[in-house]
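Q: Right, I'll just put the structure down here and ask away after.
Please treat every number below as a calculation from the coordinates, not as lab data. Computed from a predicted structure; not experimentally measured. Virtual Cβ from ideal backbone geometry, glycine too; neighbours counted across all protein chains shown.
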Amino acid sequence: MIFRYEAIDSQGVNKVGLVEADTSQEAILLLNENGLSLLKLDVANVKTRITIPFLNRVSMKDVVVFARQFSIMISAGIAMVQALRILVNQTENPNLKKVIIEIADEVDGGATLSDCLAKRPKIFSNFFVSVTKSGERSGKLDEVLNYLADEIGKDYDMIAKIRGAMIYPAVVLVGMFAIGVVMMVFVLPKLMDVLTETGTALPLATRILIAVSNAITGYWWLILILFGGLIAAIRMALASRSGRRVFDVLVLRLPVFGKLFQKILLVRFCRSMNTLLLGGVTIENSLAIAGDVVSNLTYKDLIEKTIHSVEDGNSISTIFLESSLIPKMVSYMMQVGEESGKLDVIFNKVAEFYNREIDNMLANMMSLLEPLVMILIGVGVGIMVAAVIMPMYSMVGNF
């Protein structure tokens, strides 16, 4: 339950806010532990929703909105705890609402905002926490939060564009697969019974189609078991570091898509480095945090080597210049950025350049995917029709 309270702190200042507890007694105890003397406690009129973890998970968009609204309130001079209390009522996501209540109580109890965020890594990344911490130290928390919202928003927009580009071919292929299964299970068996009864010699395509139809209708349970086992095996492999490494290497070597993924990783790396360096985070720590943002183990290994190289006194571009994963242009620009003392600006320029490259690649891929999908549909329908029509022609010819 969520309770609204009025209390007085140890300095005699009135406090109004929300606290979450199972009972009113637990709420009172929690407030007393935070040094508050209770004046009034009521059940808060907060809208309740059915909380299904999958449907109510905190998305990147939720975090962007939170950072943006929080930044505006802090820049307007509203106290941090009060701003958090206000955000509780403005937040739609019930899971994030609960988290903000907890953070507000912890901050009110004396904890720093960055420490509170760090306790919730599933919602606030190491990148978010580190940049927030730099804002607390510099006294520019409102600017940092606004910049964070901008950068995470850019990342969200890029992911949304990629998902949007993949929706059309994915929907068409899934629909085609579903129609094929329906044909195999319900339509073809009846047609094939008629054809086999006539004793007509069936073409190879028809025999293959009959075999597939028989396998689906007769052994559907085995197919489901094998499919489930395959998914479980893939998930187990990806859970291990060696399996994940193999997967990450294969992703980067995919035709066409491999280049796209490389550019996406470069944009994320450069954008993260730009934000962290602007926030006053050291190069070594920035590289470590950016490595987590990148997520691909092949690039993580490269970044770890770079960290060791920088700690030994070398340039940040030394390892990058030796790697085939990093375009030479990026490495040379990083070198120029170090020499000029404008490394953060260089990272921003590189991120903008490759973001435009991604947009162009997605546009070209969509132009190519649409006709390719139509051709694939035509071939699939043609094979199925031929497998059914050809024996019918033979049957008619026999009469």
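Q: Per 5 Å bin, what is the whole-percent P(r) computed from every C-alpha pair distance within segment 254-399?
A: In order of increasing distance, the bins hold 2, 9, 14, 18, 13, 7, 6, 5, 4, 4, 4, 3, 3, 3, 2, 1, 1, 0 percent.
Q: Sticking with this one: Identify, among Ile72, Ile326, Thr206, the residue whose Cα sits farthest towards the positive end of the charge dipole of the chain, taking +1 on the Cβ of Lys and Arg and -1 on the Cβ of Asp and Glu, with the dipole about the Cα centre.
A: Positive-most Cα among the choices belongs to Thr206.
Q: Let me know the charge dipole size of the chain about its Cα centre in debye, to the nearest 20, where only the beta-carbon of Lys, Arg (+1) and Asp, Glu (-1) is charged.
A: Dipole of the chain, to the nearest 20 debye: 1020 debye.
Q: With springs only between Cα atoms under 10 Å apart, run a GNM on the chain and tell me which of Met365, Met73, Met183 wobbles the most.
A: Result: Met183 has the largest fluctuation of those listed.
Q: Treating cross-link reach as a plain straight distance, find the lysines whose alpha-carbon is under 16 Å from the alpha-carbon of Lys349, omitting any fewer than eight places away in the same chain.
A: List returned: Lys154, Lys263, Lys328.
Q: Still on this structure: Using a simple charge model, +1 on the beta-carbon of Lys and Arg, -1 on the beta-carbon of Asp and Glu, nothing else, what dipole does segment 311-399 show about its Cα centre, in debye to the nearest 20?
A: 540 debye
Q: Place +1 on the Cβ of every Lys and Arg and -1 on the Cβ of every Asp and Glu in segment 171-297, take the dipole about the Cα centre, and give the residue among Val249, Leu188, Leu238 whose Cα lies farthest towards its positive end.
A: Val249
Q: Now a separate question. Using the Kirkwood radius built from alpha carbon pairs, what does the Stokes-Einstein equation give as D for segment 73-145 at 4 °C and 1.567 mPa s, in µm² per second?
A: Here the translational diffusion coefficient equals 104 µm²/s.
Q: A further question on this structure: Using only Cα atoms, locate the centre of segment 347-375 and the centre of segment 112-178, then give the distance between them in Å, rounded to an integer.
A: Spelled out, the Cα-based centre of one part sits 21 Å from the other.
Q: Would you order Glu197, Glu102 from fewest to most other beta-carbon atoms within 10 Å of each residue's own beta-carbon?
A: Ascending number of Cβ neighbours within 10 Å: Glu197, Glu102.
Q: Can you give me the span-like helices of the chain, meaning DSSP H runs with 24 Å or more of Cα extent along the axis and Kyte-Doolittle mean at or above -0.5?
A: 141-182, 220-239, 257-278, 343-398
Q: Let me ask something additional. Have a look at Gln90, Gln262, Gln335 and tell me which one the Gaussian network model of the chain (Cα, springs below 10 Å) gives the largest fluctuation.
A: Gln90
Q: Where does segment 108-190 land on the Kirkwood hydrodynamic radius, alpha-carbon pairs, in angstrom?
A: Result for segment 108-190, one decimal place: 16.7 Å.
Q: Applying 1/(1 + (r/R0)^6) with R0 = 45 Å to the Cβ-Cβ distance of Gln90 and Phe247, what FRET efficiency is obtained, to the nearest 0.05? Could you put the intermediate results ahead of the total?
A: Working: r = 40 Å, r/R0 = 0.88.
It comes to 0.70.
Q: Provide the convex hull volume over Cα atoms per residue for segment 94-244, in Å³.
A: Value for segment 94-244: 197 Å³ per residue.
Q: While we're looking at this one, here's another question. Please work out how much length the chain gains when fully extended from Met366 to Tyr393, using 0.36 nm per residue of separation minus the C-alpha to C-alpha distance, in nm with one decimal.
A: Using 0.36 nm per residue and subtracting the Cα-Cα distance, I get 5.8 nm.
Q: Using the 10 angstrom Cβ neighbour count as an exposure proxy, how do Arg271, Arg245, Arg163, Arg85 rank, fewest first?
A: Arg163, Arg245, Arg85, Arg271
Q: So, one more: Quick one: which residues, 5 or more positions from Ile316 or on another chain, have an amide H under 5 Å from its amide H? H modelled 1.01 Å from N in the peptide plane, none for Pro or chain starts.
A: none
Q: Report, in deg cm²/dmol and to the nearest 500, the calculated mean residue ellipticity at 222 nm for the chain, where each DSSP H run with n ≥ 4 adds -39500 (n - 2.57) and the sum is divided by the residue count. Please list the in-between numbers first.
A: Working: 17 runs with 294 residues, N = 399.
Per the formula, -25000 deg cm²/dmol.
Q: Using a 10 Å cut-off around each Cβ, can you sort Ser213, Ser323, Ser286 from fewest to most neighbouring Cβ atoms?
A: Ser323, Ser213, Ser286
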